[in-house]
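Asker: I am attaching a structure below and will ask some questions about it afterwards.
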Amino acid sequence: MPRTLTEKIIASHLAAGEMKPGAEIGIRIDQTLVHDATGQMAVLQFEALGKPRVTARRSVVYCDHNILQVTSHNADDHAFLRTAAARFGMVFSKVGNGICHQLNLERFGVPGETLLGADSHTTTGGALGALAIGAGGLDVAAAMGGRPFFLNMPRIMRISLTGALGPWATAKDAALEVLRRLTVSGGRGHVLEFAGEGLRGLSLTQRAVIANMSIETGAVTAVFPSDAATRAFLALQGRAGDWRELAADPGAGYSSEISIDLGALEPLAAAPHSPDNVRPVSELAGTRCDQVAIGSCTNSSFQDLMTAAAILKGRTVPPHVSLIVAPGSRQVYWELARRGALSDLIASGARVMEAACGFCNGVGQAPPSGGVSLRTSNRNFPGRSGTPSAGIYLVSPETAAASAIAGELADPRRLGDPPRVELPGSFRADDSMFVPPASEGEAGGVEIVRGPSIAPLPRFGPPPDSVEAPVMLALGDNVTTDDILPAGAHILALRANIPAISRYIFSNIEPDYHLRQKEAGAGFVIGGANYGQGSSREHAALAPRYLGLTGVIAESFARIHQANLCNFGLLPLVFLNPGDRGWILQGHTLRIEGLLSRLRAGGHFAILDETAGREFEVRVDASARQVEMLLAGGLLALAAASGD
């Protein structure tokens, strides 16, 4: 029977379950990645599992998020990650080497392999023909130790690309068009598999832009075939031996299909405050901007930044505009310098930043109060930039550069013919900032450095059989992990300390939430559709659990957050009648009797709203495996109880 590319990769890695849509499967993981915002917890969890060394073919720890060393927190974290990587058998990428997703494409990604990353934008690796999936740190820690990664067998949506990008239309515009079509929830439960003759005109780094932003639709990941463009990119990196041709079988079946004519695209922008609020740049032109930021794991490649530099060459930005450029890797930085593009950027008035995530996750470069920032990154959630009152627009590097010159959101087509950027014959490969681990014989002598920023890992027990708890918050649709736990330098610096970071849970919604939750000792949050969309940050489940939250009752959950809730023993409950959500208010008291037997029985059960004097029906959004975790108090508690 003909198979899709996704099905081929899953079949070759299947470790548990059957490949039936919606059924839980386990797949073997070839490579893992974590970084310095998710890696601390992942390493502590790996250590708690009792494994002496990682067993995945390659595991890499990147320092790319928490690079702002204002206090000792981040430096402490980096020392911890460096020494733990040496001890447990992981490659360590030093600060300044670059962004994990860009580096993984350049140096480690392999067509046909599986990559599990503690970052939602791990999907970038799908550009190479890999099955690259974002997950919570605990799932990645388990995969580092050789356990399968579990997920529901996804449906596979074919996105057929036709035609070729016209002048000034870009891969970012194609990604935004996918979001315009699917919205931030239309990809849920799917892998987006790209195909069609339009692929022939897309370079590997252009495909990576689209794969990167696929997670914003709620999709599991995106996959591109491994073809001549893949081979060309790997050859540029001196890794031609890693290439192999991969594609779907002719006649393979898909659950759904959409078609996008690349030739019909025009410059697009995602307006505040959601990646799917997509409008033509021509409609938004004239919006004054205070800041333009070019970079992030979405648009920081050689091709992106050389194009931006060519547009800016010989021009300068007006006084009211702050122009920020952040290369995605040291390789990109070096190539810009070698070709004089770095000089062009500096001459234009750009502030050239470290090769890191930076502005994308709110670490530096916050815009002014009420300001407008145009960014080439992937998310524009409220407050993510570090300025809650700012308006963030997501645009291509071409639109960003044209707008920086104009001092307002500008259609780049007004500049005439676009610049042409030719790829070099090869890229300079310098892996000196990748630190290999100690050998197995030497690893036992490596002391893991645990500075004062590294707090002990919280442990949780089984849930009670009877629960009486208040509704702590009643929220709407598309609650993001940024809503639950905001980004930003001062909060990211606490990722290794759950007691400290828990003070910021829901802080943008209610600053004193953590105090109310600790005082209540238990509680529920009510949500709408697609609760927990966005980042993979497991802290958005782990920290509420630490504060005492019992569970979340919502219309539906984003995939990664649902898994994170189960991993830490938080109940993910789904309304059987979504209309019930409207009358369950903050402050109401909910009661569940016989919870343990209800969890074991599966199906659905009633919860009594004592305040309203009414019952409503819910079901547990969990597989049989996840129910066992909930009964034990989470994955670590289950592993400890089973001696596994």
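All of the numbers you see were taken from the coordinates with simple rules; none came from a lab. What you are looking at is a predicted structure, and each value in this text was computed from that prediction instead of being measured. Glycine also receives a Cβ, built like all others from the backbone with ideal geometry; neighbour counts cover every protein chain displayed.
Asker: Near residue 20, which lysines are there with a Cα under 19 Å away, not counting those fewer than 8 places off in the same chain?
Answerer: 8
Asker: Now for a different question. Which listed residue (286, 303, 26) has the Cα farthest towards the positive end of the charge dipole for the chain, taking +1 on Lys and Arg C-beta and -1 on Asp and Glu C-beta about the Cα centre?
Answerer: 303
Asker: Size of the dipole of the chain about the Cα centre, Lys and Arg at +1 and Asp and Glu at -1 on the beta carbon, nothing else charged, in debye to 20?
Answerer: Around 800 debye, computed over the chain.
Asker: Same structure again: Counting only DSSP beta bridges with both residues in the chain, tell me the antiparallel percent, nearest 5.
Answerer: 35
Asker: Separate question: Cβ under 11 Å from residue 450's Cβ, residue 450 left aside: what net charge do those residues give with Lys, Arg +1 and Asp, Glu -1?
Answerer: Once positives and negatives cancel, what remains is -4.
Asker: For the range 1-75, run through the GluC sites (Glu not before Pro) and keep only the ones in DSSP coil with at most 14 other Cβ atoms within 10 Å of their Cβ.
Answerer: Hits after loop and neighbour filter: 18.
Asker: OK, next. Please list, in order along the range 441-454, the HN-Hα scalar couplings obtained from phi with the Karplus expression 6.51 cos²θ - 1.76 cosθ + 1.60 (θ = phi - 60°), rounded to whole Hz, x for Gly and Pro.
Answerer: x, 9, 4, x, x, 7, 8, 7, 7, 10, x, x, 6, 8
Asker: Long-range amide H contacts for residue 571: which residues qualify at under 5 Å (H placed 1.01 Å from N, peptide plane, sequence gap of 5 or more or a different chain)?
Answerer: 551, 552
Asker: At a 10 angstrom cut-off on C-beta neighbours, averaged per residue, how do the peptides 206-216, 498-508, 628-638 rank from highest to lowest?
Answerer: My ranking of the peptides, most packed first, is 206-216, 628-638, 498-508.
Asker: What net charge do the residues around residue 293 carry, taking every other residue with its C-beta under 14 Å from that of residue 293, with Lys and Arg at +1 and Asp and Glu at -1?
Answerer: Combined, the nearby Lys, Arg, Asp and Glu give +2.
Asker: Oh, and also: For the range 1-146, with the dipole built from +1 on Lys and Arg beta-carbon atoms and -1 on Asp and Glu ones, taken about the Cα centre, which of 68, 86, 48 lies farthest toward the positive end?
Answerer: 86
Asker: Inverting the mean 1/r over all pairs of different Cα atoms, compute the Kirkwood radius of the range 464-527 and quote it in Å.
Answerer: 12.8
Asker: Within the range 476-500, name every residue whose backbone N is under 20 Å away from a label modeled 7 Å from Cα of residue 518 along the Cβ vector.
Answerer: Under cut-off, by backbone N: 484-486, 490-500.
Asker: So which lysines pass the test for residue 94, namely a Cα distance under 27 Å, with those fewer than 8 places away in the same chain ruled out?
Answerer: Output for residue 94: 51.
Asker: Using the charge dipole of the chain (Lys, Arg: +1 at Cβ; Asp, Glu: -1 at Cβ; taken about the Cα centre), state which of 479, 163, 392 has its Cα farthest towards the positive end.
Answerer: 163
Asker: Something else: Return the whole-Å distance between the Cα centroid of the range 365-432 and the Cα centroid of the range 1-78.
Answerer: For the range 365-432 versus the range 1-78, the Cα centre distance is 30 Å.
Asker: Enumerate the calculated ³J(HN,Hα) couplings along the range 473-482 in order (Karplus 6.51 cos²θ - 1.76 cosθ + 1.60, θ = phi - 60°), each rounded to whole Hz, writing x wherever the residue is Gly or Pro.
Answerer: 8, 10, 10, x, 7, 6, 4, 9, 5, 5
Asker: Given Cβ point charges of +1 (Lys, Arg) and -1 (Asp, Glu) and nothing else, what value in debye, to the nearest 20, does the dipole of the range 467-642 about its Cα centre take?
Answerer: Rounded to the nearest 20 debye, it is 480 debye.
Asker: Counting DSSP beta bridges in the range 467-642, what percent are antiparallel, to the nearest 5?
Answerer: Counting only bridges with both partners in the range 467-642, antiparallel ones make up about 55 percent.
Asker: Kindly rank 59-72, 509-522 from highest to lowest mean number of other beta carbons found within 10 Å of each residue.
Answerer: The densest-packed peptide leads the list: 59-72, 509-522.
Asker: So how do 205, 32 line up by other beta-carbon neighbours within 10 Å, fewest first?
Answerer: Result, fewest neighbours first: 205, 32.
Asker: Using Cβ contacts closer than 10 Å as the measure, can you line up 560, 294, 584 from fewest to most?
Answerer: 584, 560, 294
Asker: Could you tell me the calculated FRET efficiency between residue 600 and residue 15, based on Cβ-Cβ distance and R0 = 30 angstrom, to the nearest 0.05?
Answerer: So, using R0 = 30 Å, E works out to roughly 0.75.
Asker: Sticking with this structure for a sec: Loop-only trypsin sites (Lys or Arg not before Pro) in the range 221-251, please: DSSP not H, G, I, E or B, and at most 14 other Cβ atoms within 10 Å.
Answerer: 244
Asker: Would you please classify the overall shape of the range 17-97 from the alpha carbon gyration tensor, given that a ≥ b ≥ c denote the square roots of the eigenvalues, rounded means a/c under 1.5, and beyond that prolate means a/b larger than b/c while oblate covers the rest?
Answerer: Prolate.
Asker: While we're on this one: Quick one: which residues, 5 or more positions from residue 329 or on another chain, have an amide H under 5 Å from its amide H? H modelled 1.01 Å from N in the peptide plane, none for Pro or chain starts.
Answerer: For residue 329, the qualifying residues are 99.
Asker: For the range 5-264, give the magnitude of the charge dipole about the Cα centre (Cβ charges: +1 Lys/Arg, -1 Asp/Glu; no others), in debye to the nearest 20.
Answerer: 440
Asker: Can you compute the modelled spin-label distance between residue 228 and residue 442, with each label point 7 Å from Cα toward Cβ, in nm?
Answerer: Placing both labels 7 Å along Cα→Cβ, they lie 4.6 nm apart.
Asker: For residue 269, enumerate residues with amide H under 5 Å from its amide H, sequence gap 5+ or separate chain, H modeled in the peptide plane.
Answerer: 279, 281
Asker: Over the residues of the chain, compute the C-alpha Rg and express it relative to 2.2 N^0.38 Å.
Answerer: 0.92
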